[in-house]
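I have placed the structure first, in the form of structure tokens, so that the comments after it can refer back to it.
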Amino acid sequence: MGTDIYGFIECRWDRWLDEDDRSWNKAADIADLYNGRSYAAFGSLFGVREPTTFPPLADCRGLPEDASQESRTAFEAWGRDSRGSSWITWAELAAVNWDELATEVDDCVHEYRRGADGTWELYGRNTGLTRFTELSGIAEAQVLRDAVRANPEGTEWPDGDRLFRVGPLRRRDTVPESDWGAVWAVMRTLAGLHGDEGVRLVVWFA
């Protein structure tokens, strides 16, 4: 059974308010900004579903004690079907080294496409396998059983304006901008109003 992510971006006014008036409120539904099911992202961000060679940024912290009423109501509606919850502030996300390299070679072969500036950009993991098997001689079934590990790190198979390579992931590769850019953009904008510590992403999985 698959696992999906749910939750809200929350914010609170950290400026010009009394200490007793800092309640969190729902600002946006993640469902309107992210429409994917990436276990690599779930693992890298929240330690859910897929172990990665990166320490999770916010490993299963649970629902915040001061979660907004909208978050609490939506989360509790899942009952025992929930598979964990967590949260992370924009301050934490803004401080992440997204170019951090994994300590191990990825199980998947990486497909790169040449960008507008001529540099290679990661296109996908275990994508284009039909063409890859033609170039490498490795059967697709073997690739999916991690046979790519039999090739040294850095092994490449050029194919015109694309390239297949064996190597480690960067953290940003597990949470690609193409999937998460809208989430980050909304959080960044809200942080300009509420402060980096005044914006957070609250999520749960089911």
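So between residue 23 and residue 134, what do we pick up on full extension, going 0.36 nm a residue minus the alpha carbon distance? Please list the in-between numbers first.
Numbers: separation 111, 0.36 × 111 = 39.96 nm, distance 5.77 nm.
Stretched out fully, the residue 23 to residue 134 stretch lengthens by 34.2 nm.
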Sorting 138, 79, 183 by the position of each Cα along the dipole of the chain (Lys, Arg +1; Asp, Glu -1; all at Cβ), the one nearest the positive end of that ordering is 138
Cβ-Cβ cut-off under 11 Å around residue 66, Lys and Arg +1, Asp and Glu -1: the net charge is +2
Rg from C-alpha atoms of the range 110-167, normalised by the globular rule of thumb 2.2 N^0.38 Å, equals 1.08
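Can you put 121, 100, 10 in order, fewest other beta carbons within 10 Å first? The partial results should precede the final answer.
Details: 121 10, 100 16, 10 27.
Taking fewest neighbouring Cβ atoms as first place, the list is 121, 100, 10.
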GNM of the chain, Cα pairs under 10 angstrom: of 41, 67, 58, the biggest fluctuation goes to 67
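For residue 145 and residue 177, FRET efficiency with R0 = 25 Å and r from the beta-carbon atoms, rounded to 0.05? Kindly include the intermediate steps, with their values, before the conclusion.
Numbers: r = 30 Å, r/R0 = 1.21.
So, using R0 = 25 Å, E works out to roughly 0.25.
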The alpha-carbon center of the range 150-167 and that of the range 76-138 are separated, in whole Å, by 16 Å
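State whether the range 57-156 is rounded, prolate or oblate according to the following rule on the C-alpha gyration tensor (a ≥ b ≥ c being the square roots of its eigenvalues): a/c under 1.5 gives rounded; otherwise a/b larger than b/c gives prolate, and the remaining case gives oblate. Spell out each step's value before the answer.
On the way: a/c = 2.89, a/b = 2.01, b/c = 1.44.
Judged from the Cα gyration tensor, the range 57-156 comes out prolate (a/c at least 1.5, a/b above b/c).
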The helix 177-194 Cα axis meets the longest alpha-carbon principal axis of the chain at an angle in degrees, between 0 and 90 and rounded to 10, of 30 degrees
Hydrodynamic calc, the chain: Kirkwood Rh from Cα pairs, then Stokes-Einstein at 10 °C with viscosity 1.306 mPa s, so D in µm² s⁻¹ is 85 µm²/s
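Where nothing but the Cβ of Lys and Arg (+1) and of Asp and Glu (-1) is charged, how large is the charge dipole of the chain around its Cα centre, in debye to the nearest 20? Could the numbers behind the result be given before it?
Working: 23 positive and 37 negative charges, 93 e Å.
I would put it at about 440 debye.
A short reminder: the numbers here are calculations on the coordinates, not readings from a lab. Source: prediction; values computed, not measured. Virtual Cβ from ideal backbone geometry, glycine too; neighbours counted across all protein chains shown.
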